1. Among the listed residues L74, L68, L38, L60, which satisfies the condition of being buried (at least 17 other Cβ atoms within 10 Å of the Cβ), assigned to a strand (DSSP E or B) and among the hydrophobic types (A, V, I, L, M, F, W, C)?
2. Among the residues of the range 78-97, which ones are among the small types (G, A, S), part of a helix (DSSP H, G or I) and more than 16 Å from C35 (Cα to Cα)?
3. Yes or no: V9 surrounded by 13 or more Cβ atoms within 10 Å (Cβ to Cβ), hydrophobic (A, V, I, L, M, F, W, C) and touching a strand residue (DSSP E or B) at 6+ places or on another chain (Cβ under 7 Å)?
Amino acid sequence: MTGLMGGSVFTQEAPIRLVSAANTREHWAASHKRCKRLRGLARSLTVGMPGLESPLVVTLTRIAPRPLDGHDNLRHAFKPVVDGIADRLGVADNDPRVSWHYAQQRRAVKDYAIRIEVALRTEGAA
């Protein structure tokens with residue numbers, strides 16, 4: 001079993017509104033532009049994040065008035081963010097040294113954000 005060591009070593013929150021890309025009906029060019037912008041923002045937000053000297057746990061939290069479906073739409077909405085963070089680390093998003101976790105938090109109407117938390121992963125911790 002894997003666990004966290006010493007809590008977060010990097011936390012960043014930004015006022016970004018994530019939408020469920022699976023449910024948006026937009027032209028492919030608009031979708032590409034939105035994903036490219038989100039990927040670049042995620043790369044910029046994680047400047048100061050630790051490198052891969054040891055395995056990492058990345059927790060991505062969507063903050064919004066209403067939740068998305070947790071097993072499909074939430075992961076799909078975070079895909080460009082995951083790609084941007086993986087770009088910053090210089091790895092593929094499926095690299096076994098990085099574990100991705102997703103969460104949601106409710107906030108007031110019209111108050112949207114994302115939170116990126118990075119912690120060191122320890123093997124065998126409870």
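A short reminder: the numbers here are calculations on the coordinates, not readings from a lab. Everything numeric here is computed off the predicted structure, so don't read it as measured data. Counting neighbours? That spans all protein chains shown, and the Cβs are built from the backbone with ideal geometry, glycine included.
1. On the way: L74 fails: assigned to a strand (DSSP E or B); L68 fails: assigned to a strand (DSSP E or B); L38 fails: assigned to a strand (DSSP E or B).
Just a single option satisfies the conditions, and that option is L60.
2. To start, the set of residues in the range 78-97 that are among the small types (G, A, S) comprises 84, 86, 90, 92.
In the following step, the residues that additionally are part of a helix (DSSP H, G or I) were identified as 84, 86.
Matches in the range 78-97: none.
3. Values: surrounded by 13 or more Cβ atoms within 10 Å (Cβ to Cβ): yes; hydrophobic (A, V, I, L, M, F, W, C): yes; touching a strand residue (DSSP E or B) at 6+ places or on another chain (Cβ under 7 Å): yes.
Yes, satisfied.
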